[in-house]
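Working notes, structure below.
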Amino acid sequence: MDTFTVMFWFCVFTHANYGGGISILATPETASGLAAIIDKASISNPSTHAFPADQMPILDVQDIPGKGLGVIAQQRIRRGALLLHDHARVLADVRFPQYVRRTQGQTLLHKATGRLPVPDDVRGLSRSVDAKLGEARGVLEENVLSTNSFAATVDGVAYMALFPKIARINHACNPTY
């Protein structure tokens, strides 16, 4: 019986003009598939999904004493109101940590974030490990992704998706307004 090893190569694809920029960490095949989806979405709706004047965002990111930055309601929120629209800034194939060395993965994450129009949209998010322990190249991005990402499936592939505005939202039983 022959045995073989499945090898995955991962790359970073960045589309700087889509929804504030997006970097995809995936195999070349899945990245090119996503690139086609993103290009099609950009052509069909080139706006950045601006809110109509009567639907201005009613949320604001503010410093929460003792907790860092968080999202605060600026007024009462009516049922069914659009609260937030966000684009993922980083999509990372969930398989990549299994197939690359940790330092290689950190380098890819650093590159993915650095190619964004505003890298601090990602690098400025909260992290679960003390910032002083993880400022090395790629360690910060790895920590931010592991702390703030959501599971997402796009075109049948599972990703860790990082939405910077949504990452600022936590929940509390006590409303802020």
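The values are calculated or read from the model by the stated rules, or taken from the named source; none is laboratory data. Quantities reported herein were computed from a predicted structural model and do not represent experimental measurements. FYI the Cβ positions are ideal-geometry reconstructions off the backbone, even for glycines, and counts take in every protein chain you see.
Picking from Gly134, Gly124, Gly156, which residue would you name as being modelled with pLDDT under 90, at positive phi and more than 11 Å from the chain's Cα centre (by Cα)?
Just a single option satisfies the conditions, and that option is Gly156.
When only residues in segment 101-121 that are small (Gly, Ala, Ser) and under 17 Å from Tyr18 (Cα atoms) count, which is nearest to the chain's Cα centre (by Cα)?
Among those that are small (Gly, Ala, Ser) and under 17 Å from Tyr18 (Cα atoms), it is Ala112.
So which residues in segment 143-153 are surrounded by fewer than 18 Cβ atoms within 10 Å (Cβ to Cβ) and either part of a strand (DSSP E or B) or within 9 Å of the chain's Cα centre (by Cα) (or both), if there are any at all?
Answer for segment 143-153, where residues must be surrounded by fewer than 18 Cβ atoms within 10 Å (Cβ to Cβ) and either part of a strand (DSSP E or B) or within 9 Å of the chain's Cα centre (by Cα) (or both): Phe150, Ala151, Ala152, Thr153.
Under 7 Å between Cβ atoms, at least 6 apart or on separate chains: pull out the pairs that start in segment 152-177 with a residue that is under 14 Å from Arg95 (Cβ atoms) and end on any residue that is modelled with pLDDT of 90 or more and part of a helix (DSSP H, G or I).
Pairs that qualify, where the first residue is under 14 Å from Arg95 (Cβ atoms) and the partner is modelled with pLDDT of 90 or more and part of a helix (DSSP H, G or I), are Met160/Leu145.
So how many residues does segment 111-130 have that are touching a Pro at 6+ places or on another chain (Cβ under 7 Å) and assigned to a loop (DSSP other than H, G, I, E, B)?
1
If you take the residues in segment 69-85 that are β-branched (Val, Ile, Thr) and in a strand (DSSP E or B), which one is surrounded by the fewest Cβ atoms within 10 Å (Cβ to Cβ)?
Ile72
Output the qualifying pairs, or none if there are none: Cβ atoms under 9 angstrom, residues six or more apart or on different chains, first residue in segment 62-87 and in contact (Cβ under 8 Å) with a residue 24 or more places away in the chain and among the hydroxyl-bearing types (Ser, Thr, Tyr), second residue in a strand (DSSP E or B) and surrounded by 13 or more Cβ atoms within 10 Å (Cβ to Cβ).
Short answer, once both residue conditions are applied: none.
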